[in-house]
1. What list of ³J(HN,Hα) couplings, whole Hz, do you get for the stretch 240-246 from phi and the Karplus terms 6.51, -1.76, 1.60, once you set θ to phi - 60° and write x for glycine and proline?
2. Which log10 I(q)/I(0) values, to two decimals, does the stretch 69-129 give at q = 0.21, 0.24, 0.28, 0.29 Å⁻¹ under the Debye formula with one point per Cα?
3. Please give every one of the lysines within straight-line cross-link reach of K345, meaning a C-alpha to C-alpha distance under 20 Å, and leave out same-chain neighbours fewer than 8 residues apart.
4. Taking Rh as the Kirkwood radius computed over C-alpha pairs, what is the Stokes-Einstein D of the stretch 227-326 at 20 °C in a medium of viscosity 1.002 mPa s, expressed in µm² per second?
5. Note down the magnitude of the dipole of the stretch 101-211 about its Cα centre, charges +1 on Lys and Arg C-beta and -1 on Asp and Glu C-beta and zero elsewhere, to the nearest 20 debye.
6. Using Cα positions and a limit of under 18 Å, work out the lysines in reach of K79, with same-chain residues fewer than 8 apart set aside.
7. Could you list V273, V125 in order of exposure, starting from the residue whose Cβ has the fewest other Cβ atoms within 10 Å?
8. Nearest-5 percent of antiparallel DSSP beta bridges in the chain?
Amino acid sequence: MRAGAGLFRLGRRRLALSALLFAMAAAAPVCAQPAAPAANDYSQLEAWLCLPGHPGACDGDLSLTVVQADGTMTVQPFKADPNAPIDCLYLYPTASAQPTGNSDLTPGKEEKGAAWVQFARFGSVCRTFAPVYRSVTLAGGFGGKPTTPPDREVAYRSVHDAWTYYMAHYNHGRPIVLIGHSQGAGLWARLLKEEIDGKPVAKQIALAVLMGEGGVAQQPFKSLPSCTTLGQIGCVIRYASFRAGSPPGPGSLFAISNGACVNPAALGGGEGVLHPIFLVYTRKDELPWVDTGAHVATPFVSMPGMLSAACVQRGDRDYLSITVHASPNDHRVHDIGGDMVIGGKPAPDWGLHGVEPNLAMGDLIEIIHAQEQTLNAAR
């Protein structure tokens, strides 16, 4: 989707700051909240970025170029599966450029771009749902001077309303995958804790993918353990990603605790080769992806065997350690983008937050595909 690619390019600098987003909001002191706002109306199509059967942010050109180490490039067309047996629900990170502390339910190019880059390709293995929610905005998350103060309860209430409407009108007993990044991951985690964990509906949760939640102590769920095997149903994948040579410091808000880190490339533990799917424009200054200068014509690109990951414990903190493997004979770029930069300076305690969902996108899609096989075998 060339329009989608251009849309994301316009908003990517704001999206690159999405780490500051939820972490600042989550770290703020909890004050007395006003009365809960009126229910948000998710019967309106405009309140959904992605909704099966309706054009939205998950549509358009999602084709992928696979770049091998010898420079060979192969284009893989994208094919959605409208009959997939699993529903995937996505919450985007802090992206809204609205001047208020919380966004309204009218999405901007930033939210649309986030859904397209981080989520749309999951349509190959599931029906895709992405509600617009009243997120804490970039202005609210930065602690600047938004025209209204940010309110985390407003954000959560809209997510709760979207979930309630989805369950009443769209689910019909189908298995569910929850996918969230940063602020979105934190909101899913709260919904899981308050509305799902330990209740009958928990049996419908095939998988929860919580990336870059923010905050340190991610408490385990009672009825949803960490994923350990391919094809496992009813489990959780949590991770925050950092370069192997730049681990999180003691002040990082994204390294997690309680042994919660799960490596999508090696569910049973240890190191595994990642299958990333990056937006072509991830690279700084839009440099070519191969040393021949050959142009990647698709919106997305993947480089098999270039990245590996392992969950690492450093003191009481867990994180997904990312290693880039490049040799002199590798004709691809020898590094990736995605490092957080704040105020023009590298922010090592934010790690690779900017590309977190894309680092393991191929692995996560394969995990959901394996769950479909498990569910089909059980029928």
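1. 10, 10, 9, 5, 4, x, 9
2. Each listed q maps to, in turn, -0.87, -0.97, -1.12, -1.16.
3. By straight Cα distance, K345 reaches K284.
4. Numbers: Rh = 15.2 Å.
The estimated diffusion coefficient comes to 141 µm²/s.
5. 260 debye
6. K79 reaches no qualifying lysines.
7. V273, V125
8. Details: 24 of 51 bridges.
In the chain, approximately 45 percent of DSSP beta bridges are antiparallel ones.
Any read-out appearing in this document is the output of simple, stated calculations on the displayed coordinates, not a laboratory observation. As the structure is a computational prediction, the values presented were derived from the model and not from experiment. With ideal geometry, Cβ positions are generated from the backbone for all residues, glycine too; neighbour counts draw on all protein chains shown.
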